[in-house]
Amino acid sequence: MELEQLLHKHFGYSSFRPGQKEVIEALLQEQDVIALLPTGMGKSLCYQLPAYTLEKPVLIVSPLLSLMQDQVEELKRFGEKRVVALNSFLSLTEKRYVLHYLEQYRFIFTSPEMLLQQQVQEKLAQMKLGLIVVDEAHCISQWGFDFRPDYLRIGDWLSRENRPPILALSATATKKVVRDIRETLSLKAPFEFMYNVDRPNIHLGRVVVEDKADKARWLMHHVTETAGPGILYVSSRKRAQQYSEALLQEGVRVAAYHAGYGVEDRQFIQQQFIAGELDWIVATNAFGMGINKLDIRQVIHESMPANIANYMQEIGRAGRDGHSALAILLYAEGDEELAKFVVTGDLPTLHHVDRYQELLSQQIQPIQMLKNGELSETAFRVLDYWLQRESSEQVKVRLNHLALEKYNAVNEMLQIIQTKDCIREHLVGYFGQKLQKKPENCCENCGIHYDVIKKVCLKEKKKVEMATWESRLQQLLMGN
Amino acid sequence: MFHQILLQIFQKLNKERTISAAYHVLRGKRSGQTIQDIGLFQLHQYFGLLPKLSRTTFDEAVNLFMQNSWLNVQESGHFYMETLGLQRAQQTPTFFFDGWHYRGNEHVFFARLSLIVQSLSHQAAAVRTFSPISRDTMIQAWVRTFLQAHHYKEGHLQQQLLTECNHVLTILPVSDASKQLVLYRLSGYQLPGWTWQQLADERKETVLDSQLAFIETLHILLNEVHQKIDDYPLLGHVAEGLKVKILLTDSAQQTAQLYEQGYSMEQIVQMRKLKQSTIEDHFVELAMYEPNFSIGPFVSYDEAQKVWQASKQYQTKKLKILHEALNDMSYFQLRLVLAKGEV
């Protein structure tokens, strides 16, 4: 059967999106593939479709449990029953059952942690897999921003003989990260596909202000006077809270969003935003994962993103419907210092290296450091991983290097902000691509007619009123 | 509401305990001392209302009370209520929490109900997939079984649940605002719920107060359902297994079993490899919550009488004072007598 026919039969689509077909064809010829596709651009189809011609299970390694759950549910929605998530949510009985029947599933989702367990490895070694997918592959890179040591460990496991082709997927990766992915996963002459990073319908604004107070004045004015839906990204939970309160006072339909809220509250905010009951979300970078709203018109950064990849991912949430959207980055002199402070806050320090060795020499488990709250969990994982493999001196060099890389990433972002040339050209160039064509209202430096883009806010947007408990109950259960 | 609850607890513990005792009660600490305080000072309704209450939030309230001259706290943490504070406490309304019997399980009830309502709402709209409001696989599995047991595919469950909810909410002796609060924590197809912050803004109170009003309403609702279980086949099922029947801590339960098998206290200490004082805590717990448990083997009737006389004479349940007055009795004996209650 032709690939197009398969696509229609299993997923109901009539044509492929850019990149999908090339990636799938390479995989079916047993070639390794690195595919860089943004979220919401049909990344998962690259392994979903091959599964129906391979007749062998596809193993998908995914570092985020919530994302894994979404993907499992997506497949079930298309009527696929032979799909399972082998993760720490399973009870012991469930896990035993799943492992026993593992070869009967078409899609096996699992986490790097799970893949390191001996019984899982043994079971997989007995099976014939059709394809191995490494999702969010940028986590494997030690220079990546979400480095996961467990991902490095699976690199060892993946380099075994007679393995099926590997598909490494990521939404954001620079050249350096791509090289890391290739080497760590021991990919053999992989086919590389990278989407066009340019989003011509997003106009790239930049506003330089004097200081924090100036920033607040500008933001309050801008958000109350222009149209949403929009996301305002801020640097801390506290700031998110403050801005949303101030904007609420001004009658803006807004809510704060950050990881400090409960799971239900976070879902409620997303649903309200999608349903159009909210015009603005004031969020930390916790917001965005899995949000599927096509008509976001503005993304504003109150503070500097930690790196260009994050920036691209965050502004990329605007204008998914293809219509004009506006991204504005606010900058006050010295913002980069705060950004640097934040990005290195999570790294282990040289002192931690010595402390780790000191505990070892006293025959105390180094994990005690974590229990004492001397460093974060991520930091400990990184430290523990490297000190089991290298000497203190080597690890110290490595840590210094890591911090420097993070500083560099902030500086690269700063260059984008400070450039006098075309911002779009700079951004696209950073990902190793060439800008084909400059759109109208391209960027701050090429010139933006703000008044053409920002529609005037319809002031009289009605706040959603509470219904009586009787009618709410009726609506919930009977739909009217 | 939080402040009113605190005032009520402080009033009951007045001059007898440190301020921390109130904190432990609200967090539902399962230590011998706290469990004993619950019985001695009749604090059952407040037990475990806020398992995640931070010490900062608690201390802020205490500081405010001190500034208002409601409370006087000594360096040791012991406190007494000023006249103003006692007046304030008198003015607080009666609450109908039942922390002792639900211990946070009201949230399990609500998680089940939320997912049931969300599923039925989508089914009514003929929308087959949605992102479940509860990610807890235990809750998901439970709700799946529930829906199947009540034949949701036939399409009548919506109407049945609506009738039951309407019935229970109509007769529930709480304000319409409280009922609205509960309904707006539920969500359905194209009907997002409201966040705690949004609800608190609407009600012009703190998030914590909204959450407490929500918990109180659920406790009242659950007790209504349990009392007339035959009237609520569906809600009764949703509430299944959530009311705590065995009131002893797990560890005290084990001690009780050994004691019933005829082992002495000393033997139990050895067998369980626990401290004598811990096992004593268990016996005190037994004295408090097990009506059939006799303290006779440990304290004579005459001795118990003396304790009660002294307690009246000195107007206190403080062990230290009672021990000074009755120095031939051990602390353990005193606690047993107080826990068992006046004969």
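Of note:
- Residues with amide H under 5 Å from that of A:Arg82, placed H, sequence gap 5 or more: A:Arg106
- Inter-centroid distance (Cα atoms) of the range A:299-343 relative to the range B:32-64, Å: 45 Å
- Derived scalar couplings ³J(HN,Hα) [the range A:336-346; Karplus, 6.51 cos²θ - 1.76 cosθ + 1.60; whole Hz; x for Gly, Pro]: 5, 5, 4, 4, 5, 4, 5, 5, 8, x, 9
- Relative exposure of A:Ser44, A:Ser159, judged by other C-beta atoms within 10 Å (fewest first): A:Ser159, A:Ser44
- Gap separating the Cα centres of the range A:1-65 and the range B:269-328, nearest whole Å: 72 Å
- Amide H contacts under 5 Å for A:Cys443, placed H, 5+ residues apart: A:Leu204
- Antiparallel beta bridges, as assigned by DSSP with both residues in the protein assembly as shown, represent about 10 percent of the total such bridges.
- Cα gyration tensor shape of the range A:197-480, rounded if a/c is under 1.5, else prolate or oblate by comparing a/b with b/c: oblate
- With θ taken as phi - 60° and the Karplus curve 6.51 cos²θ - 1.76 cosθ + 1.60 applied, the whole-hertz 3J(HN,Hα) list for the range A:365-372 is 4, x, 4, 4, 4, 5, 5, 6 Hz, x standing for glycine and proline.
- ³J(HN,Hα), Karplus 6.51/-1.76/1.60, whole Hz, each residue of the range B:136-149, x for Gly, Pro: 5, 5, 4, 5, 4, 5, 4, 5, 4, 4, 4, 4, 5, 4
- Among the GluC sites (Glu not before Pro) found in the range A:111-213, those both in a DSSP coil and sparsely packed, with 12 or fewer other Cβ atoms within 10 Å of their Cβ, are A:Glu161, A:Glu210.
- Shape call, the range A:368-480: gyration tensor on alpha carbons, a/c limit 1.5: oblate
- Amide H contacts under 5 Å for A:Ser111, placed H, 5+ residues apart: A:Ser62
- Shielding value for B:130-139 is 4, the average number of Cβ atoms from other chains within 10 Å of each residue's Cβ.
Every number in this text was worked out from the coordinates using simple rules, so none of it is lab data. Since the structure is predicted, the reported quantities are computational estimates derived from the model, not experimental observations. A quick note on method: Cβ atoms are made from the backbone with ideal geometry, for glycine too, and the neighbour counts reach across all protein chains shown.
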